[in-house]
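Notes follow once the structure below has been shown.
The values are calculated or read from the model by the stated rules, or taken from the named source; none is laboratory data. Just so you know, these numbers come straight off a predicted model, no measurement behind them. Backbone-built Cβ (ideal geometry, glycine too); neighbour counts: all protein chains shown. Heavy atoms of the whole protein, side chains included, go into the accessibility calculation; ligands, DNA and RNA do not. Shrake-Rupley method; radii C 1.70, N 1.55, O 1.52, S 1.80 Å.
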Amino acid sequence: MADSLRGKGAVITGSTSGIGQGIAELFAREGANVMLNGFGDKAAIEALRGRLEKDCKVKVDYHPADMSKPAEIAQMMARAAQSLGGVDILVNNAGIQHVAPVDEFPVEKWDAIIAINLTSAFHTTRLALPAMKAKKWGRVINIASAHGLVASPNKSAYVSAKHGIVGFTKTVALEVAELGITSNAICPGFVHTPLVQIQIEDRARELGITPEKAARDVILAPQPTKEFVKIEDIAALALYLAGPNATQINGTSISIDGGWTAR
Ligand code: NAD
């Protein structure tokens, strides 16, 4: 356990699973008070919250706000300001995926992906910025994707939302640049989380191959290292962006994708 974020309050959306949980765990270990958010089994979420609070000796709160519902997002942000002693670090991570050609893409899936993967970050950020501006310190870290920089077929909503969040990241960066606040995006390639496991199983079923073969030959095809990005490595990058050496990193998109976007 280290102490680089001691006394900071961090909201991490979608932190009951995958990348968000990894970031929440590392930030708590580094001394941040953390707001967990996301769906899942109530007992498992409470076990995670309790374990982090006890092991890391920080305040860990949980709010079940649905990131597609602006009123719930506002409730979560207000609660975080109280229970964490302020929101100094905002990690916009919650996200979902749906894969289909544009002309078959379910309208409700498009709306949900844009709401959760893009619009929720507008709401959390607009609500976090006034206090960050007053403190003259803040970190906004958006978990975009390689799909924020390049496209793949059948992911129109996801690619649109992720390109959108890269643009949003830059706009916020310019607005707050003189106020001690930075806004950056992390663009991971494929990470083996539940979001990707669903895609592996779907492709294996469609192609009549094993999930292992689908992961290696289909999912990882665009990722030159042919290895999944590790959650811990993304969390460490987020920690760097939250830390004292990152004050001049602003408005950028950092790829962590095994070389995918070097093509
Ligand atoms: P995950 O499915 O493991 O976790 C997603 C989290 O978001 C969960 O906690 C879930 O409960 C939460 N969530 C989903 N819908 C929500 C809603 N409406 N309101 C609140 N919370 C909600 O996924 P992950 O792979 O860890 O993805 C996290 C982020 O990283 C996403 O934005 C995703 O697009 C991005 N990303 C993932 C990969 C990858 O390969 N896994 C690659 C690049 C970017």
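Of note:
- Ser152 open to solvent by less than 50 Å² (accessible area, probe 1.4 Å), outside the structural domain of Pro222 (by TED's automatic domain parsing) and in contact (Cβ under 8 Å) with a residue 60 or more places away in the chain: yes
- Residue in the stretch 48-57 that is under 15 Å from the mean Cα position of the chain (by Cα), open to solvent by less than 10 Å² (accessible area, probe 1.4 Å) and either more than 9 Å from the ligand (Cβ to nearest atom) or not assigned by TED's automatic domain parsing to the domain that holds Leu127 (or both) present: no
- Residue in the stretch 209-227 that is buried (at least 19 other Cβ atoms within 10 Å of the Cβ) and either of a type in the set (Gly, Ala, Ser) or part of a strand (DSSP E or B) (or both) present: yes
- Residue within the stretch 40-47 that is assigned to a helix (DSSP H, G or I), within 13 Å of the ligand (Cβ to nearest atom) and under 18 Å from the mean Cα position of the chain (by Cα) present: yes
- Residue within the stretch 63-73 that is β-branched (Val, Ile, Thr), touching a residue at least 12 places away in the same chain (Cβ under 8 Å), assigned by TED's automatic domain parsing to the domain that holds Ala115 and open to solvent by 10 Å² or more (accessible area, probe 1.4 Å) present: no
- Annotation: of all residues in the stretch 101-149 being within 14 Å of the ligand (Cβ to nearest atom) and in a loop (DSSP other than H, G, I, E, B), the one that is farthest from Phe190 (Cα to Cα) is Leu149.
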